[in-house]
Amino acid sequence: MISKLERLLSGGTVTWDRLLVTDGLSPEAVEQITAVSPAAPDRVWVVIDHDTPAGSVAVAEKQKALLDWARQTGAVFRSGRGIGYALLLESGLREGEIVLSGGAHAAAVGAAGAVGLSLPPAELAGALESGQISLSPAPPLRLAVTGPLSPYLSVRDLAWTLIRSGQCSGKAVVIRAPQLTAAQAMDLCGLLGAAGAVTALCVREDFPADETVDLTALQPMAAPPGDAARVVPAGETDGLRVNQVFIGGCGGGSLEALRETADLWRGRTVCPYVRVMVVPATSSVYVQALEEGLLDVFLDAGALVMNQGCSACWAQSQGRCDQAEVFVSTGSINCAGWAGRAHSGICLTTVRRAAQAALSGSLYGS
């Protein structure tokens, strides 16, 4: 077992290794953060990734405050290069590192075996200033994932199956799943953390498992509008007419997700009555997708190819909807009012089902 993970499980004070600050924080949280002098500025990453380019003057002011603070303190600064968690993973996180963030999906860094923890603003500011974090004991759940993943299923079906069972809530979920790719592990860990796990991480070492999950026994799942932790069999969404589709975010912006989408769309066109957005997660993914000709496929199919970042998963400037529209997303947020003040129709699904919905104009469970 990893030493810092043991400290997490038993409680105590540890030195954090990376701390991520993004423009997804509220203006009040930004004020708290920027009032602090960081103990280790070289380990602080300030990433403008949620609302890029800025969709309002208020957002631009918040981003400028973060830029000025990063410049003054010497923190690492990245703007418009992609999703912060993905950029951290690309930078070479090591197994066992402690990563702090104010975002709900901090556990996404568990793809590298790092321990991602989401903190409220006051605690994040305190950790930033002290260089340490005091942890409450977190009961572990050790999962062994066996079997191959069907090409017609997704790691999201695994995540939503676990979320629906309720067994991960309040736990530090340690996962042994060597068959998963790095992108799949990122999506799995991020979804579990956002749905109530203290953290989730994939490790290489073997361990006695509390539970074993067989991928061959999975069924298609989806998260209907309202709450990312409320999961239903995907068949319950069959026939739902779709107005907007987003393929991007932590779950749909990876290179392998873009390849899967291109394979389905090559030589075809999306439904002309559906707004379809495709968004690479980072600049490196964008460039590789360009070199492979994937962006040509998306454009030929009639989709919008947008700049790297959180984009319509965040949906605060890009991807807003009319009140009655149905929005199918490979993102991680589906709460009411997210894609428009009166809008309440975001359905979270897999890349394959979202890509198929873009073609047909309707969502189907399998």
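Scanning the range 335-364 for residues that are touching a Lys or Arg at 6+ places or on another chain (Cβ under 6 Å) and assigned to a strand (DSSP E or B) returns a single hit, SER362.
Condition test on ARG241, is it out of contact with any helix residue (DSSP H, G or I) (no Cβ under 6 Å at 6 or more places or on another chain), surrounded by fewer than 23 Cβ atoms within 10 Å (Cβ to Cβ), closer than 22 Å to ALA86 by Cβ and among the basic types (Lys, Arg)? No, not satisfied.
Just one of the listed residues (ALA182, ALA177, ALA234) is touching a Leu at 6+ places or on another chain (Cβ under 8 Å) and surrounded by 19 or more Cβ atoms within 10 Å (Cβ to Cβ), and it is ALA177.
Does LEU290 satisfy the criteria of being surrounded by fewer than 23 Cβ atoms within 10 Å (Cβ to Cβ) and in contact with a strand residue (DSSP E or B) (Cβ under 8 Å, 6 or more places away or on another chain)? First the steps, then the outcome.
Values: surrounded by fewer than 23 Cβ atoms within 10 Å (Cβ to Cβ): yes; in contact with a strand residue (DSSP E or B) (Cβ under 8 Å, 6 or more places away or on another chain): no.
Spelling it out, it is not the case that LEU290 is surrounded by fewer than 23 Cβ atoms within 10 Å (Cβ to Cβ) and in contact with a strand residue (DSSP E or B) (Cβ under 8 Å, 6 or more places away or on another chain).
Scanning the range 194-209 for residues that are surrounded by fewer than 24 Cβ atoms within 10 Å (Cβ to Cβ), among the small types (Gly, Ala, Ser) and assigned to a loop (DSSP other than H, G, I, E, B) yields GLY196, ALA209.
Take the residues of the range 273-287 that are of a type in the set (A, V, I, L, M, F, W, C) and touching a residue at least 60 places away in the same chain (Cβ under 8 Å): which is surrounded by the most Cβ atoms within 10 Å (Cβ to Cβ)? Reasoning before the result, please.
At the first step, the residues of the range 273-287 found to be of a type in the set (A, V, I, L, M, F, W, C) are 274, 276-279, 281, 285, 287.
Checking the rest, the ones that are also touching a residue at least 60 places away in the same chain (Cβ under 8 Å) come to 274, 276, 281, 285.
Values: VAL274: 21, VAL276: 27, ALA281: 31, VAL285: 25.
By that ranking, first place goes to ALA281.
State which residue is most open to solvent (accessible area, probe 1.4 Å) when the search covers only the range 320-334 and only residues that are under 17 Å from the mean Cα position of the chain (by Cα) and more than 20 Å from ASP238 (Cβ to Cβ). Working first, answer last.
Looking only at the range 320-334, we keep the residues that are under 17 Å from the mean Cα position of the chain (by Cα), and these are 328-334.
The next check asks that each one be more than 20 Å from ASP238 (Cβ to Cβ); those that pass are 331-333.
Details: GLY331: 1, SER332: 13, ILE333: 35 Å².
Out of the qualifying residues, it is ILE333.
The criterion of at least 3 residues that are of a type outside the set (Lys, Arg) and under 19 Å from GLN356 (Cβ atoms) is met by the following helices (runs of 4 or more DSSP H) wholly inside the range 218-331: 249-252, 255-265, 294-301. Of the residues screened, THR212 is not one that is open to solvent by less than 30 Å² (accessible area, probe 1.4 Å) and of a type in the set (Ser, Thr, Tyr).
Got at least one residue in the range 247-264 being surrounded by fewer than 17 Cβ atoms within 10 Å (Cβ to Cβ) and closer than 19 Å to ALA86 by Cα? Yes, the range 247-264 contains at least one residue that is surrounded by fewer than 17 Cβ atoms within 10 Å (Cβ to Cβ) and closer than 19 Å to ALA86 by Cα.
Among the residues making up the range 115-135, a single one is more than 19 Å from the chain's Cα centre (by Cα) and of a type in the set (Val, Ile, Thr): ILE133. In the range 95-141, the residue that is most open to solvent (accessible area, probe 1.4 Å) out of those that are touching a residue at least 12 places away in the same chain (Cβ under 8 Å) and of a type in the set (D, E, K, R) is GLU129.
Conditions tested, residue by residue: (1) within 28 Å of LYS64 (Cβ to Cβ); (2) touching a Cys at 6+ places or on another chain (Cβ under 6 Å); (3) in a helix (DSSP H, G or I).
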{"position": "GLU95", "(1), (2), (3)": "no, no, no"}
{"position": "LEU100", "(1), (2), (3)": "yes, no, no"}
{"position": "ALA122", "(1), (2), (3)": "yes, no, yes"}
{"position": "PRO148", "(1), (2), (3)": "no, no, no"}
{"position": "LEU153", "(1), (2), (3)": "no, no, no"}
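If you take the residues in the range 142-164 that are open to solvent by 10 Å² or more (accessible area, probe 1.4 Å) and among the charged types (D, E, K, R), which one is farthest from the chain's Cα centre (by Cα)? For the range 142-164, the residue satisfying everything is ARG142.
The values are calculated or read from the model by the stated rules, or taken from the named source; none is laboratory data. Just so it is clear, the structure is predicted and the values come from calculations on it, not from any experiment. Neighbour counts are summed over all protein chains in view; Cβ atoms, including those assigned to glycine, are modelled from backbone coordinates with ideal geometry. Side chains are part of the model used for accessible areas, which takes the heavy atoms of the whole protein and leaves out ligands, DNA and RNA. Shrake-Rupley method; radii C 1.70, N 1.55, O 1.52, S 1.80 Å.
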